[in-house]
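The values are calculated or read from the model by the stated rules, or taken from the named source; none is laboratory data. Please read these numbers as outputs of a predicted model, since none were measured by experiment. Here Cβ is always computed from backbone atoms with ideal geometry, including for glycine, and neighbour counts include all displayed protein chains. Just so you know, the surface numbers come from the protein's heavy atoms only, side chains and all, with ligands and any DNA or RNA stripped out. Shrake-Rupley method; radii C 1.70, N 1.55, O 1.52, S 1.80 Å.
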Amino acid sequence: MILSIGDVLNAAEVANAVSVLNKARFVDGRATAGFAARAVKSNAQARESEDIETLREMIADRLRANAVFEMAARPKRFIGPMFSRYRVNDAYGEHVDEPIMDGARTDISFTLFLSPPETYDGGELIIASPAGEDAVKLPAGSVIVYPSTTLHRVAPVTRGERLAAVGWVRSFIRDAAQRELLFELDTARRQLFEREGSSQTFNLVSKSLANLIRMWSED
Ligand code: NI
């Protein structure tokens, strides 16, 4: 399941993130890529600092507080995010993300867009699927969430500058199809609650959801 979620950060939080990144030092993004990805990666990444660490924690907090993200990702642990900057002619060719980072399995990848889309051309995140390619470019403060199992790339930037936070989630649910099923069941259950409150039907659906999570989760 590929899911976009709007307004994870509000305008003030986006402005703060951009201001921190404008003051940050950037290094060649190839430093954090595997040997094959390195050959196709051309961007810059913010170097570690206290301000970057604070920004990283703020973004993880906002994602955890977002009910749709929580239902879609069921995060056990966050890896990153790191902050990437693409300028004209920068791009990231097709690659798959590393399966293990910082000692954790990467189940879900996310990109939180920080630059307004009208300020740059190109720079779409392009995710390959059996049905073709999905090209994604979202408003600043919105996030795209997709399985780390996919091949994906970032199209060349041809004008302006693209800032984004890129991170990963170790989910309690390893399998993308199971995560999608739980997401849909949970969504239907919430709609049921809005319609009829804590009915017997709602309680049965809640029980099924809880017990499927028990069956499938890895803690
Ligand atoms: Ni990637």
Count - residues of segment 31-52 that are away from the ligand (no atom under 13 Å from the Cβ) and either more than 22 Å from Val18 (Cβ to Cβ) or touching a His at 6+ places or on another chain (Cβ under 9 Å) (or both): 3
So Arg25, is it free of Cβ contacts under 8 Å to residues at least 24 places away in the same chain, open to solvent by 50 Å² or more (accessible area, probe 1.4 Å) and touching a Ser or Thr at 6+ places or on another chain (Cβ under 9 Å): no
Enumeration of residues in segment 79-108 that are within 15 Å of the ligand (Cβ to nearest atom) and small (Gly, Ala, Ser): Gly80, Ser84, Ala91, Gly93
Failed item, numbered, when Glu194 is tested on (1) within 17 Å of the chain's Cα centre (by Cα); (2) at pLDDT 95 or above: (1)
Only listed residue being in contact with a Leu (Cβ under 9 Å, 6 or more places away or on another chain), open to solvent by 30 Å² or more (accessible area, probe 1.4 Å) and not basic (Lys, Arg), chosen from Leu212, Leu151, Leu182, Leu138: Leu212
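Which one is farthest from Leu182 (Cα to Cα) among residues in segment 69-113 that are in a helix (DSSP H, G or I) and open to solvent by less than 10 Å² (accessible area, probe 1.4 Å)?
Filtering segment 69-113 for residues in a helix (DSSP H, G or I) gives 69-73.
With open to solvent by less than 10 Å² (accessible area, probe 1.4 Å) added as a condition, the list becomes 69, 72-73.
Values: Phe69: 13, Ala72: 8, Ala73: 10 Å.
Among those that are in a helix (DSSP H, G or I) and open to solvent by less than 10 Å² (accessible area, probe 1.4 Å), it is Phe69.
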Ser19 being without any contact (Cβ under 8 Å) to a residue 12 or more places away in the chain, away from the ligand (no atom under 16 Å from the Cβ) and not hydrophobic (A, V, I, L, M, F, W, C): yes
Condition met for Arg62 (buried (at least 16 other Cβ atoms within 10 Å of the Cβ) and at positive phi): no
Condition met for Tyr146 (farther than 16 Å from Thr32 by Cα, assigned by TED's automatic domain parsing to the domain that holds Val20, in contact (Cβ under 8 Å) with a residue 24 or more places away in the chain and in a strand (DSSP E or B)): yes
Residues located in segment 23-61, provided they are touching a strand residue (DSSP E or B) at 6+ places or on another chain (Cβ under 9 Å) and in a helix (DSSP H, G or I): Gly29, Arg30, Ala31, Thr32, Ala36, Ala37, Ile52, Leu55, Arg56, Ile59, Ala60
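Looking only at segment 164-178, count how many residues are open to solvent by 10 Å² or more (accessible area, probe 1.4 Å) and of a type outside the set (Asp, Glu). Lay out the reasoning, then the answer.
Looking only at segment 164-178, we keep the residues that are open to solvent by 10 Å² or more (accessible area, probe 1.4 Å), and these are 166, 168, 170, 172, 174-178.
Adding the requirement that they be of a type outside the set (Asp, Glu) leaves 166, 168, 170, 172, 174, 176-178.
Qualifying residue count for the region: 8.
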Those residues of segment 65-99 which are without any contact (Cβ under 8 Å) to a residue 24 or more places away in the chain and among the charged types (D, E, K, R), in sequence order: Glu70
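Residues in segment 41-61: is at least one assigned by TED's automatic domain parsing to the domain that holds Glu161, closer than 16 Å to Ser148 by Cβ, at pLDDT 95 or above and under 13 Å from the mean Cα position of the chain (by Cα)? If you could, list the steps in order and put the result at the bottom.
Applying the first criterion (assigned by TED's automatic domain parsing to the domain that holds Glu161) to segment 41-61 yields 41-61.
Remaining after also requiring closer than 16 Å to Ser148 by Cβ: none.
No.
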Segment 109-157: number of residues that are in contact with a Gly (Cβ under 9 Å, 6 or more places away or on another chain), aliphatic (A, V, I, L, M) and within 12 Å of the ligand (Cβ to nearest atom): 1
